[in-house]
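All of the numbers you see were taken from the coordinates with simple rules; none came from a lab. Every value quoted in this text rests on a predicted model; they were computed, and no experiment measured them. Backbone-built Cβ (ideal geometry, glycine too); neighbour counts: all protein chains shown.
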Amino acid sequence: MVRTEYYKDLTKMNTFGMKVKARCFIEYDSVADLVDIEFEELARPVLHIGGGSNLLFTDDFKGTVLHSKINFIEILEKEEPRHCEEQDDVVQSTKSLEQSERIPSPVLVSVGAGVVFDEFCDWAAKEGLWGVENLSYIPGEVGASAVQNIGAYGVEVKDVIRKVYCYDTVDEEFVNFDVEDLEYGYRDSAFKDPEVKGRYIVTHVVFALSREPQPRLDYAHLKEAVGDNVTPLQIRKTIIKIRKEKLPEPSVMGSAGSFFKNPVISAEHFARIEAAAKAEHGADVKVPHYDLPDGTVKIPAAWMIEQCGWKGKRSGGAAVYDKQPLVIVNYTGEAYPEEIIGLERRIIASVKSKFDIVLHPEVDHI
Ligand code: EPU
């Protein structure tokens, strides 16, 4: 079924809690419903939202907001186990198929775009399926996760996506993309390319999960925090505990999670920042960073924002979250978009002046 509402209040549909309205709001329940929507006729611009957890409405929305309620989780037929093919004929002849290295067969799961991502994580953990436990408690829905390439604790959703099924609103047909064709990067995908942005509506995503243990516990102190009981459910519980300690609960205080992306800089630039930090705070100071395989360095924006003195600072109804300065919060619940944007601009200016780095928002400004 397709439901249409006019001048719809979106306060509860964006986790920042901005009090804005959409001129037209359309919600639909099934993949087939999409064919009934006359995309040509819709008030423009058209914006498809998921959980509204990664956007900042800067004003009332003059066009049409779409939202999917496609809600299903379905295990597809399990793939046959695959085996490593030996390249060398001689070796192969002396090795039986049983002896050759067995690649665990994935369990393919099809999930509707409107499923809350964490409900999918909860379902997978309870089924004993590995793959999305590290992504537990990230706000948002499955369709948006495939567009944004959500990530946390050493895992990105692209690592477990096999295929993304969409409706092409231009050619009015159903299409699907293999993960390899989606140009996934850090919080980025081909869906965000300005040329096609908004053209494809994700209907469902096929994930490749696993029954074989595949714990990924390299991130910071995750291994110690999880302890000896290494199951998807235990990892999920640990991640939820860590996230609750560091990040604001959207139902209590509005935010869009990380407001900025973590920047990547050259090794020389990092060396300059490290030298300046040692000069300022003493030779023992450690500047947090991750060395990337191509020789560049990823530096946590949270650290730089804290160094600039922004942690816990308030500005009108908005504030920099005191436990994780990468997050801007709607502190009073009454913050105006201008107050959030004002804080954003001032943070960008101080980080630029102190570190010569321009922070880029992760959050979409609408
Ligand atoms: N840090 C500080 N001060 C703080 C907090 C953090 O200096 O108050 C420094 C510390 O050195 C810490 C480092 O920042 O080690 C990294 O912090 P954290 O592990 O919390 O991760 P992050 O880089 O700040 C990213 C994601 C989060 C994700 C976490 C965990 C981005 C933009 N954000 O944050 O994702 O949960 O890693 O994997 O990549 C989101 O996208 O909305 C989000 C919350």
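Between the C-alpha center of the range 306-366 and that of the range 184-233 there is a gap of 27 Å.
With a simple spin-label model that places each label point 7 Å from the Cα along the Cα-to-Cβ direction, the separation between LEU42 and LYS197 comes to 1.6 nm.
Under 5 Å from the amide H of ASN330 lie the amide H atoms of GLY254, SER255, each residue being 5 or more positions distant or on a separate chain, with H modelled from the backbone and absent for Pro and chain starts. In the structure shown, the pairs LYS12/LYS352; LYS69/LYS311; LYS241/LYS261; LYS12/LYS126 are assessed against 26 Å; a Cα-Cα span above that value is assigned to LYS12/LYS352; LYS69/LYS311; LYS12/LYS126.
Per-residue Karplus couplings for the range 174-184, computed as 6.51 cos²θ - 1.76 cosθ + 1.60 with θ equal to phi - 60°, are listed in order as 8, 9, 9, 10, 6, 3, 5, 8, 9, 6, 5 Hz, Gly and Pro entered as x. Annotation for SER210 and LYS12: the two label points, set 7 Å from Cα along the Cα-Cβ direction, are 4.1 nm apart. Here's the picture: charge each Lys and Arg Cβ at +1 and each Asp and Glu Cβ at -1 in the range 288-366, and of GLY312, ILE328, ALA302 the one pushed furthest to the positive end of that dipole is GLY312. Cβ-Cβ distance of ALA220 and GLU306, R₀ of 22 Å, FRET efficiency by 1/(1 + (r/R0)^6): the value works out to about 0.85.
Just to check, using Stokes-Einstein with a Kirkwood Rh over alpha carbon pairs, what's the diffusion coefficient of the chain at 25 °C and 0.890 mPa s in µm²/s? Write down the numbers at each step before the final one.
Numbers: Rh = 22.5 Å.
Taking Rh from Cα pairs, D becomes 109 µm²/s.
Let me know the Kirkwood hydrodynamic radius for the range 2-68, please, with Cα pairs as the basis and the value in Å to one decimal. Final number for the Kirkwood radius of the range 2-68 is 12.1 Å.
In order along the range 303-319, the phi-based Karplus estimate (6.51 cos²θ - 1.76 cosθ + 1.60, θ = phi - 60°) of 3J(HN,Hα) comes to 5, 5, 5, 5, 4, 7, x, 8, 4, x, 6, 9, 8, x, x, 9, 7 Hz; Gly and Pro are listed as x.
Determine the sum of side-chain charges near VAL206: Lys and Arg each +1, Asp and Glu each -1, restricted to other residues whose C-beta is under 9 angstrom from that of VAL206.
Details: positive: ARG162, LYS163; negative: none.
Neighbour charge sum, excluding VAL206 itself: +2.
Model label points for HIS360 and MET1, set 7 angstrom from Cα along the Cα-to-Cβ axis, are 4.3 nm apart.
Working note: Karplus 6.51/-1.76/1.60 with θ = phi - 60° gives the range 252-257 the couplings 9, 9, x, 6, 10, x Hz, where Gly and Pro are set to x. Rounded to the nearest 0.05, the FRET efficiency derived from the C-beta distance between ALA32 and ILE75 at R0 = 25 Å is 0.70.
In this calculation the C-beta distance from LYS126 to ALA279 is compared with R0 = 51 Å, giving a FRET efficiency of 0.45. Peptides 193-199, 344-350, 154-160 ranked from most to least packed give 154-160, 344-350, 193-199, packing being the mean of other C-beta atoms within 10 angstrom over each peptide's residues.
Residues within the reach of a label modelled at ARG272 (point 7 angstrom out along Cα to beta-carbon, backbone nitrogen below 17 Å), restricted to the range 289-305, are 296-299, 304.
Candidate cross-link partners of LYS163 among the lysines, defined by an alpha-carbon separation under 18 Å and a same-chain spacing of 8 or more, comprise LYS78, LYS192. Using +1 on the beta carbon of Lys and Arg, -1 on that of Asp and Glu, and nothing else charged, what's the dipole of the chain about the Cα centre, debye to 20? Value, rounded to 20: 1940 debye.
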